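What follows is a short report on a single structure.
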Amino acid sequence: MVADSTGAGTLVAPSAGQPHGAPEIPAENDALFKVDLRSIYVAVQRNIWPIVGIVGVALILGVVITLLTVPRYVASSRVLIEQREDQIIEMDPVSYNSPKDAELFLRTQTDVIRSRSLALRVVESEGLADDAAFFDALGRELPTEEDVDPASLDKDGLPELRRELAVELLQDNLQVDLPIDSRLVSISFGSANPEISARIANSVATNYIESNLARKFDSSAYAREFLSQQLGDARKNLEQSERDLNQYSREAGLIRVGGQGQNADRETTLSVTNESLVQLNQAASQAASERVAAEDRWESIRNQPILSIPQVLSNSAVQSLIAERSRVASDLAEERVRHLNDHPNVQALESQLARVDEQIESLGDAIKRSIRLEYEAAKEREESLQGRVAGLRSEALSEQDRGVQYNVLRREAETARALYDALLTRYNELSATAGAASNNVSIVDLAEPPRTPASPKPVINMLVALLAGLGLAGLFVFLREQLDDVLRSPDDVERKLGVPMLALIPKVEDDKISEDLADPKSPISEAYQSLLTNLRYSSGEGVPATLTVVSATASEGKSTTAHTLARELANNNRRTLLVDADLRRPTLHRRMEQRDRPGFTSVLAGEMSVGDVVTPGPVRNLFYMTALPIPPAPSGLLATADLEGIIKELRESYDHVIFDSPPVLGLSDAPTIAVHVDSVLFVVDASAGKRGSVKTSMRRLSMVGAPVSGVVLTKFDASKISGAYSYYGYDYYDYGSER
């Protein structure tokens, strides 16, 4: 919909394929993530006082919290941690060139500073377990015997309880920071006393350095003792491994010779089994090839007739027998021509032919049998060679297994010898450097008592309170707007209902409605003229011939809209009939001189014709039809009457027929009428229109297929809407009027 000069808007034609009467959803509904700054501004303007209240409460809370917070002083000392560590066993030096390794080392040191053991060391060195000022600076009281149940104490009693509490307080208020790309570790401690904060921060740094030195000394002593034990074990392992190697070499009977050339440091094996295995394996492969060839020859002739086998046909004896058979068969054929089958010559030739066939068959079987015997012989030879190969392979594998075990024992002996030499060298180095202690940690900056507290910070607290208040206010506005179902403006109609708005009718006092409607230049008259214009261009056929005006509930301006629209059409020289279709609470008869004149009810009941109940209106071309008399069952009357035929008859007599229908919610009258007209105009009260009731009504109309053209927003008061909607004000309607 595009806004016109009156602010009412012009309906955009529906897209192709869109069903008739289904309003086009505005494009803004498709842009789910599009930021509408004007809508945000309207929401802020509408909820300005709740926003101010929420932000004000947040600021007040920020002030109260700041005033009630005990000042906290934080003192910091800095120590330099170099990357170095002692090695127990001499090997490739450990380096921290990798950034990951360096970061891991430094973070490990920060964990050491935070550890409970170091905290306990600080508590004992500073006597914090009995220092009442330390507990007071951290907001705690020094535990006394009166404060503790004696039954809950262990054997150490009250001192142990104080020590544990002091360690817990120290760890809770200690902060260790490791800057990026730096080896300077900052040790900070916070309390309500600046002197105590500085003393504890310096004590943690000092005790960390001392504990680092103590760990190195303890580790050196432990290393010497550890290496002494390891040397004895390594010596025993070396002797045993060399003894096992020599014993196994004799038992296995392995003959080992040294390598030559590039393999001088390796040993080889003298073995006849391997050479025999290679030769026999070659013979087995040749036998397998011969067996495969013989098997192929046998399988190719196995199921073939004797005279189809190439080896049989190529035999000279078979060829001679075949030639003889041909000759005897020829003679037999000649005799059968001259004599009968029982003739002696014929019988003699038949016997001779049978003997020749028998000889051919016998000779062919012998040749076929020789091919099979050749295949079986090749198969037996292959199996024999494969068996011998398997035996030699087992012997070769056993010999290799013995060689593997020998290599294992030899490597164990060499490893034991290398380990013993390394341990002995490292033990001598530690013995020579015992007592020489070095430290890779040093203090760079000592902590000094801070002059100003680190917290609270009023400016930051107020800024956080302001941001929190704005965030909560924004959340409140968002939730309120999402749950708000009031239709206040044209944007609400299109955004919340997804239907176009045909007209925006300004609010007018009840006692001035008739006067303003009579003035063609009044804002309300201009608005209804805009509605008529939009209806004219809402379809290709102009203003619908039959139109019903509906609303969700009563008193939303439906009757006024229907009457004004009918009068405007009549002023345009169009024969217009206004039908009061509200059979429950009719209002049209009150505008007429004859208030008891029958109308739409009588026509529906078939008691009177249309011409008998139509009354001329106060304007030329305008005609009225009341809803009298009020029927006892309006829904039943509308359902049983020939409503379609009545509307068809009215269309033939008038250019436009407008029905003033009852509300949609709770009644079936309006949907019944809506399905028989060309267009449905939905009226919504801007001062009390609820999205829920309107959407329910629209859904009912959609279920019956009513052709809803759009919405008319009535009783719109621009003065009660935010300044963002000022373009909907009365100035547009007053354009051209006298000032």
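Expressed as a whole number of Å, what is the distance separating the alpha-carbon centroids of segment 178-231 and segment 445-478? Going from one Cα centre to the other spans 34 Å.
Ordering Val694, Val52, Val176 by the number of other Cβ atoms within 10 Å of each residue's own Cβ, fewest first, gives Val52, Val176, Val694.
Readers should treat all values here as calculations from the given coordinates under stated rules, not as data from a laboratory. Quick caveat: nothing in here was measured; it's all calculated off a predicted structure. Cβ sites come from the backbone with ideal geometry, for glycine too, and all protein chains shown count toward neighbours.
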